Structures are given as structure tokens and as C-alpha cells.
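Q: Structure provided below as C-alpha cells; questions to follow.
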Amino acid sequence: MIDVSFDIYENEFLFITGASGAGKTTLMKLLYLGEPVSEGQIIVEGLNLSRIPRKRIPMLRRKFGIIFQDYKLIHTKNVFDNIAIALEAVGTKSRLVGKKVRSVVRTVGMEGKLKSFPPGLSGGEQQRIAVARAIAGDPRIIIADEPTGSLDAESAKVIFGLLKSFHDRGGTVIIATHDTELIRKTGGRVILLEQGRLQSSTLIPKPA
Amino acid sequence: MLQFFRRALGDILGNRFLNAVTVITVALSVLMIGVFVLFFINADALMDSWTKGIRIMAYLDSGTPEEKISEIKASIERIKGIETVRFISKKEAIEQLKNQMTHQASLFENLKENPLPDAFEIQMAELSRNREDFDEAARQISALPSVEEVEYGQKWLERFSDMLNLFKASGYAMGGLFFLAAVFFVANTIRLVIYSRRDEIEIMRLVGASESFIKDPFYIQSLIQGALGGLIGLGALLAVFRFVTGEWRLGIGNWKLETASNFNFLLSNFQLRFLPSEIIAGILLGSMFVGWAGCYLSLKQFLKL
């Protein structure tokens, strides 16, 4: 990334867009230290990521719910376990895990699929489970890297609906996408990247 | 912690064959090392019992006058560490020999004169029954006038001791090799488990799992492997020990009895012992350490968080 400087505000709905190779994924990864910060500064809720000790990286990542284009679900675990392991990993008490999993699965409308395994689900269903996993730990920020890149229009609409409802409940959403149609339909601030440089920051009004 | 155990057990059951091979390798290593330790413990105890039973024999020049004999006896008694000194005249010695060799009595019939010398049988005090004190006492006794020769089995004791040291050196080398092999196998198993669970590990990292949440189940798995291997190895060692010492008679008891009777003269008053509890605990902890070390190496190499 070169000369990229911008702020993201609480409860913002932010799109990061640009052509393939513009640096969208790199920028997203830098936020949760999926890539190390070699130069410059990134500050997340007062934490300077260029100086954060390795041991505190998990604490940083717990602030985020992360959603990927390829869903990143564990194929050998069923829907329940895929979400439960994320909760257990952040130290959720065992007796609360089951309750929480059922609640988020209901939120994404997949309550009938708790015992299904990811390979038996459609792309849209898998992404809904990924959203459920991302919101299960009650994060303040959701980072979604091309969340609808592999989905049909109907599934993409459902996923965007889920992200919007998270935003409506006070969460911050950062989405990397090159789907201009979805940006236009959703509205929010759009950061345009080109070859690792920030080209523009534009506010697209919410459609009436 | 309970969920770590659950995940570790899940991994063990999910990779049964690989884990079984690792446990067997640890068990074989423990068995081999255990055999050596058992041998050393018993050999040391045997050597100790032999040393305790050893008496110094001081043979006198032929024709040593009787008044000189009591002087020599008094001089020997003054040497540090000596408990009792008993004079055995040449006459008493030949009688003892005749009693011991009743079947070869004809050998004595043609003897024109008693060829045996007068001698002192010397016993060391309890605290001085060690090689250094034996050597020192023997040196002082042989320096006395009229003492022709001093004997206390030093040569074969030295040979046995040298042989034991050689076994010890090879035991350490073998133990080291088995240790490395076991560490290697554990490391390999953990590496394969890490590989098969790489997606899960990556996801756990991304959702903010702590280092210990990811690593601890692997450590628990390897500690279980080490402990199981240790228990099986020690169990096998106990079975072998009981078989050899005759506590288990498995149909070839005749061989055992013959063998035992052939060695009776060496093993009289000596009871073979199994490993003491502190060594068993040490071996068990050691085998768990092998598991831990293998896991540590694998995680260090393949799970850089």
C-alpha cells in the first residue's frame, strides 16, 4: 500500500473497491494483522498495529468478525461445531456456547441445518453460516472480503441483508468488493484503490 | 481444559493408526531403556553384594615362625577398616580343601607334603566394603614382612566393573538413539495432525483463538501418547522380568531351572529386583517428556503463529 490514509468511523458502512490487484484484500488483512504492518501506522480502537505484541494479536482479532469469499468453513465439522469452535476459541463458557450458536443460526435463517456439513450446503448457505460465525462472538466490526463474490444474485442479497442488519444494530461493516451494483443499492462510503494507492473516498447516499 | 482433552482425544481417535505407531515406538524405547536400567540396577546390586562378601586372603611365606604370626596378625588388625582377622593354618586349609573335594579324594593321597601356605582370612568392616578400601588394605597388608601374596578377587571385580561400564556406555548410546527415534515419531505424528487440521487452525487464528487454545490440545495429545507408550513399555518390561525371574511359568520352566542352577554360585543370597518406584515414575515422566519434546519441535517448525 502506498500513501493510503483514511479513517473509519464507528457504525460506518464502508466499501473498499477497486480492480483486481488494487490492494483491497491486502488492506483488509492489514486491519486484522493477517499481513504484518511493515511501514506506517494502523490504529484500531487505540491499538497501534505496528507496535502490537504478538501475544495481543488474538485480542485484536476478537474485535472483528471476518467473512471470506471462500467461506473458510471446516468441512469435517457440522454447522453447529463450525460456529461453536469459534466461540470456544474466544473463551465463551461451555454452557453458553450451544445457546449462542442456536441464536446466531436463527438470525441467519439456517436453524434447520445445524447438523449439516458444509459440503452438503449451497454457496449461499455456507456464506450465511460464515456470517453466523462472524457475528457469534459479538464483534464491533465486521470485515468481509468479497462476501458475495461466489454467490448468485439472490444469495448475495440475503448476505447483504444480514450485514445491513448488523450495521443497523450499531456495528461497523467494512466490505471489500468490486460489485458496483451492490454498492449503489446499499449506500455508504466508498474507498477506491488503484495499484495500492487511495484514489478517492466518496459517500454514496442510501437509496430511498 | 476439558475441551482441550476432548479435542486431543478426538485427534487421537481420528488418527488411530498413526497414534498407535507413535505409542508403540515410545513403548519400545521405554522397554529397551528399561531393560538397560533394570540390568544396571541389578548388576550394581550384585556387585555390591559380591563386594560385601569378599574376604582378603593374605598368604604367608612358608616357614614363617609362630611368634611372628601373632605379630603379623596384630599389624593387620591395626590397619584402618579391618574388622576381623582369622588365622588359617596350612593344616586347617588342607582339611577344608579335602572336605570340599570329597569326590576327588584320590588327588590328596599322593601328596607327600602339604603344599598350602599359612594364611589370614581378613574381613573388612561394613563401612569399608568398597573397592578403594579393599585396594588400600591389600596394599598395606602386602607390604608387611612375611606376607607373600594378598588376594581378594580384585582382577575379576575389575573386569566385571569394566564390563559393566562398557554396558553402561552402550546403554546410554542406545537410550539416546531410542529417545531421538521416539521424539522423531511423535514430532512426525503431530506434524501430520497439524497438516490435516491446517484449515481449522487458520480459522481459529482468524477468529482470535489464543496461542494456547491452538497449541494445548497438541501438547495434551503428545503427553497422552508419551504416557501410554511409557505405561505399555513398563508393562512389557514387568512381563519380561516376571518371566525371566520365574514368577510366570510359561511352559519352559525346565530351561529356567537349569539356567538358574548353573548360576546359583553367583546368585546365592541375591534377589533380582524390578525397578524401584522412583525410577518407574522417572521413566514415565521421561516418556511424557519425549511426547512433549516431539510436539514442541513440530509446533515450533510448522505452527508459527
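Q: Could you tell me which of the residues B:242, B:249, B:205, B:273 is within 27 Å of residue B:30 (Cβ to Cβ) and either in a helix (DSSP H, G or I) or modelled with pLDDT of 90 or more (or both)? Before you say what the answer is, go through the steps one by one.
A: Working: B:249 fails: either in a helix (DSSP H, G or I) or modelled with pLDDT of 90 or more (or both); B:205 fails: within 27 Å of residue B:30 (Cβ to Cβ); B:273 fails: either in a helix (DSSP H, G or I) or modelled with pLDDT of 90 or more (or both).
Just one listed residue meets the conditions, B:242.
Q: Something else now. List pairs: first residue in the range B:190-202 and surrounded by 19 or more Cβ atoms within 10 Å (Cβ to Cβ), second residue part of a helix (DSSP H, G or I) and acidic (Asp, Glu) anywhere in the structure, Cβ distance under 7 angstrom, at least six positions apart or on different chains.
A: Every condition considered, the pairs that remain are B:193/B:11.
Q: Quick one: would you say residue A:127 is of a type in the set (S, T, N, Q), away from every other protein chain (no Cβ under 13 Å) and in contact with a Phe, Trp or Tyr (Cβ under 9 Å, 6 or more places away or on another chain)?
A: On the way: of a type in the set (S, T, N, Q): yes; away from every other protein chain (no Cβ under 13 Å): yes; in contact with a Phe, Trp or Tyr (Cβ under 9 Å, 6 or more places away or on another chain): yes.
It is true that residue A:127 is of a type in the set (S, T, N, Q), away from every other protein chain (no Cβ under 13 Å) and in contact with a Phe, Trp or Tyr (Cβ under 9 Å, 6 or more places away or on another chain).
Q: Let me ask something else about it. Please pick out the residue among B:143, B:182 that is more than 21 Å from the chain's Cα centre (by Cα), in contact (Cβ under 8 Å) with a residue 40 or more places away in the chain and away from chain A (no Cβ under 14 Å).
A: B:182
Q: For the range B:67-180, please list each of the strands (runs of 3 or more DSSP E) lying entirely inside it that holds at least 3 residues being of a type in the set (Asp, Glu) and closer than 30 Å to residue B:43 by Cβ. Break it down into steps so the answer makes sense when it comes.
A: Values: elements: B:82-88, B:119-124, B:147-151.
Filter on the range B:67-180 gives an empty set.
Q: Of everything in the range B:224-244, what is closer than 15 Å to residue B:21 by Cα and either touching a helix residue (DSSP H, G or I) at 6+ places or on another chain (Cβ under 6 Å) or buried (at least 21 other Cβ atoms within 10 Å of the Cβ) (or both)? Give them in sequence order.
A: Selection gives B:225, B:226, B:227, B:228, B:229, B:230, B:232, B:233.
Q: If you scan the range B:9-25, which residues turn out to be at pLDDT 80 or above and farther than 10 Å from residue B:221 by Cα?
A: Scanning the range B:9-25 gives B:13, B:16, B:17, B:18, B:20, B:21, B:22, B:23, B:24, B:25.
Q: Every residue in the range A:150-208 that is at negative phi, of a type in the set (Gly, Ala, Ser) and surrounded by 17 or more Cβ atoms within 10 Å (Cβ to Cβ), please.
A: Hits for the range A:150-208 are A:155, A:156, A:171, A:176.
Q: Still on this structure: Here is a check on your reading of the model: is residue B:160 modelled with pLDDT under 80, surrounded by fewer than 19 Cβ atoms within 10 Å (Cβ to Cβ) and over 30 Å from residue B:65 (Cβ atoms)?
A: yes
Q: Still on this structure, please answer the following. Scanning for something crowded, with 21+ Cβ neighbours inside 10 Å, without any contact (Cβ under 8 Å) to a residue 24 or more places away in the chain and outside any loop (DSSP other than H, G, I, E, B), does the range A:41-56 turn up at least one residue?
A: No - not one qualifying residue is present in the range A:41-56.
Q: Out of (1) more than 28 Å from residue B:67 (Cβ to Cβ); (2) surrounded by 14 or more Cβ atoms within 10 Å (Cβ to Cβ), the odd one out for residue B:140 is which?
A: (1)
Q: Can you name the residue in the range A:103-132 that is of a type in the set (D, E, K, R) and in contact with a Gly (Cβ under 9 Å, 6 or more places away or on another chain) and, of all such residues, is farthest from residue A:86 (Cα to Cα)?
A: Step one: of the range A:103-132, the residues of a type in the set (D, E, K, R) are A:106, A:111, A:113, A:115, A:125, A:128.
Next cut, in contact with a Gly (Cβ under 9 Å, 6 or more places away or on another chain) only: A:113, A:128.
On the way: A:113: 18, A:128: 15 Å.
If we take residues in the range A:103-132 being of a type in the set (D, E, K, R) and in contact with a Gly (Cβ under 9 Å, 6 or more places away or on another chain), then A:113 is farthest from residue A:86 (Cα to Cα).
Q: Hey, another quick one. Pairs needed: first member in the range A:22-38, farther than 19 Å from residue A:3 by Cβ; second member anywhere, part of a helix (DSSP H, G or I); C-beta distance under 6 Å; at least 6 residues apart or different chains.
A: Listed pairs, sorted by first residue: A:32/A:61; A:33/A:57.
Q: I need a count of the residues in the range B:209-231 that are away from chain A (no Cβ under 14 Å), of a type in the set (Ser, Thr, Tyr) and closer than 28 Å to residue A:32 by Cβ.
A: Residues meeting the conditions: 1.
Q: Then there is this: So for the range A:70-77 (the condition being of a type in the set (S, T, N, Q) and over 16 Å from the mean Cα position of the chain (by Cα)), does at least one residue qualify?
A: To start, the set of residues in the range A:70-77 that are of a type in the set (S, T, N, Q) comprises A:76.
Cutting the leftovers down to over 16 Å from the mean Cα position of the chain (by Cα) gives us A:76.
Yes - at least one qualifying residue is present in the range A:70-77.
Q: So, in the range B:43-66, how many residues would count as being part of a loop (DSSP other than H, G, I, E, B) and either under 21 Å from residue B:157 (Cβ atoms) or of a type outside the set (D, E, K, R) (or both)?
A: Final tally of qualifying residues: 6.
Q: If you don't mind, there's one more thing I want to ask. What is the number of the single condition among (1) within 13 Å of chain B (Cβ to nearest Cβ); (2) farther than 16 Å from residue A:65 by Cα; (3) not aliphatic (A, V, I, L, M) that residue A:111 does not meet?
A: (1)
Q: Also: Which residues, taken from the range B:2-39, are free of Cβ contacts under 8 Å to residues at least 24 places away in the same chain and more than 14 Å from chain A (Cβ to nearest Cβ)?
A: Result: B:16, B:17, B:20.
Q: OK, next. Among (1) touching a Ser or Thr at 6+ places or on another chain (Cβ under 8 Å); (2) of a type in the set (D, E, K, R); (3) facing chain B (nearest Cβ under 8 Å); (4) in contact (Cβ under 8 Å) with a residue 12 or more places away in the chain, there is one condition residue A:88 misses while meeting the rest; what is its number?
A: (4)
Q: In addition: Output the residue which, of all residues in the range A:1-40 that are in a strand (DSSP E or B) and either out of contact with any His (no Cβ under 7 Å at 6 or more places or on another chain) or within 22 Å of residue B:204 (Cα to Cα) (or both), is nearest to the other protein chains (Cβ to nearest Cβ).
A: Only one residue tops the list, namely A:16.
Q: Moving on to the next point. Looking at A:54, A:61, can you tell me which residue is within 16 Å of the chain's Cα centre (by Cα), basic (Lys, Arg) and on the phi < 0 side of the Ramachandran plot?
A: Going through A:54, A:61 in turn, just one is within 16 Å of the chain's Cα centre (by Cα), basic (Lys, Arg) and on the phi < 0 side of the Ramachandran plot: A:61.
The values are calculated or read from the model by the stated rules, or taken from the named source; none is laboratory data. Since the model is a prediction, treat every value here as computed from it, not as a measurement. Note that each Cβ is placed from the backbone with ideal geometry, even for glycine, and that neighbours are counted across all protein chains shown.
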